[in-house]
Structures are given as C-alpha cells and as structure tokens.
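Worksheet: the structure to be examined is printed underneath.
The values are calculated or read from the model by the stated rules, or taken from the named source; none is laboratory data. Just so you know, these numbers come straight off a predicted model, no measurement behind them. Every residue, glycine among them, receives a Cβ derived from its backbone with ideal geometry; neighbour counts consider all protein chains shown. All accessible areas refer to the heavy atoms of the entire protein, side chains included, with ligands and DNA or RNA removed. Shrake-Rupley method; radii C 1.70, N 1.55, O 1.52, S 1.80 Å.
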Amino acid sequence: MKESESFAAIVGLNVSLWRFGVFVASAVLAGLAGVFFVHQNGYISSDAFNLAQSLTFLIAVVIGGLGHPYGAIVGALILTVLVQFTAVLYDYS
C-alpha cells in the first residue's frame with residue numbers, strides 16, 4: 001500500500017480498513033509510550049516536552065532519513081554524538 005493504493009485495491013485489499021488498522025496500532029503504541037513515560041517519571045506535566053526538545057526529535061528524524069526504518073535511531077545517534085562533541089569543545093574554550 002505504500003507504493004500504490006490502487007494496486008492494493010485491485011488485488012483485493014480493503015485499503016480504508018488497513019489505513020484504519022494502522023492508525024489504531026500507532027495510537028496504541030503512542031499511548032503505551034505515554035504510559036511508560038508517566039510511570040518512569042511518577043507524574044504528568046504539560047512542561048515535560050518543550051519546544052527545544054520537540055525540535056531535537058524532529059531534527060533527529062530528518063537527519064536519519066524520513067523514509068528509512070531505522071532513520072530516527074541513526075539520526076538520534078548522530079545528533080547525540082554531535083552534541084557531546086561540541087560540548088567538549090565548549091568546555092575547552
């Protein structure tokens with residue numbers, strides 16, 4: 001379905017049902033991630049994620065590649081190494 005929805009419909013897949021199923025699965029995973037986050041922190045607050053942290057996540061995904069399965073992980077690793085390297089340079093100056 002990623003490449004051609006019309007081909008998926010021709011071979012007999014119910015495209016709207018699959019889209020709904022994927023949406024529900026992603027919502028369940030996002031909710032589970034939120035439950036784990038709250039459990040780890042012990043509380044929930046509106047300032048848990050600020051704009052800088054959201055932009056960092058977005059930059060990590062863009063650096064790693066939007067269409068690749070492990071793009072966010074690779075981008076996060078690159079961004080973390082870059083931040084650590086620049087922090088060391090900042091300490092020496």
Check your understanding: R0 = 35 Å: FRET efficiency of Ala30 with Leu77, Cβ-based, nearest 0.05?
Key -> 0.95
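Show me the chymotrypsin sites (Phe, Trp or Tyr not before Pro) within region 46-93 that DSSP assigns to loop and that have at most 14 other Cβ atoms within 10 Å of their Cβ. Intermediate values should be presented prior to the final figure.
Numbers: sites: Phe49, Phe57, Tyr70, Phe85, Tyr90, Tyr92; in loops: Phe49, Tyr70.
Passing sites in region 46-93 are Phe49, Tyr70.
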Study note, to complete from the structure: Excluding ligands, DNA and RNA, the carbon-plus-sulfur percentage of the accessible area of the chain with a 1.4 Å probe reads 72
Exercise for review: At 1.4 Å probe size, with every protein chain present, just tell me what the per residue accessible area of the chain comes to in Å².
Suggested key: 85
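Tell me which DSSP H helices of the chain clear both cut-offs, 27 Å or more of axial length from alpha-carbon atoms and a mean Kyte-Doolittle hydropathy of at least 0.0.
Details: long enough: 15-41 (39 Å, 1.36); 71-92 (32 Å, 1.70).
Length and hydropathy pass: 15-41, 71-92.
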Practice item. Mind running the shape call on the chain? Use the C-alpha gyration tensor, a ≥ b ≥ c as the square roots of the eigenvalues: rounded below 1.5 for a/c, prolate if a/b tops b/c, oblate otherwise. Key: oblate
Review point. Suppose R0 equals 41 Å; then what is the FRET efficiency for Tyr43 and Glu3 from their Cβ-Cβ distance, rounded to the nearest 0.05?
Key: 0.40
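Between Phe23 and Gln84, how high is the FRET efficiency from 1/(1 + (r/R0)^6) when r is the Cβ-Cβ distance and R₀ = 30 Å? Nearest 0.05. Mind dumping the intermediate values first?
Working: r = 37 Å, r/R0 = 1.22.
It comes out at approximately 0.25.
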Revision key, fill the gap. Once normalised by the length of the chain, the mean sequence separation of its alpha carbon contacts under 8 Å that are 6 or more apart gives a contact order in percent of 12
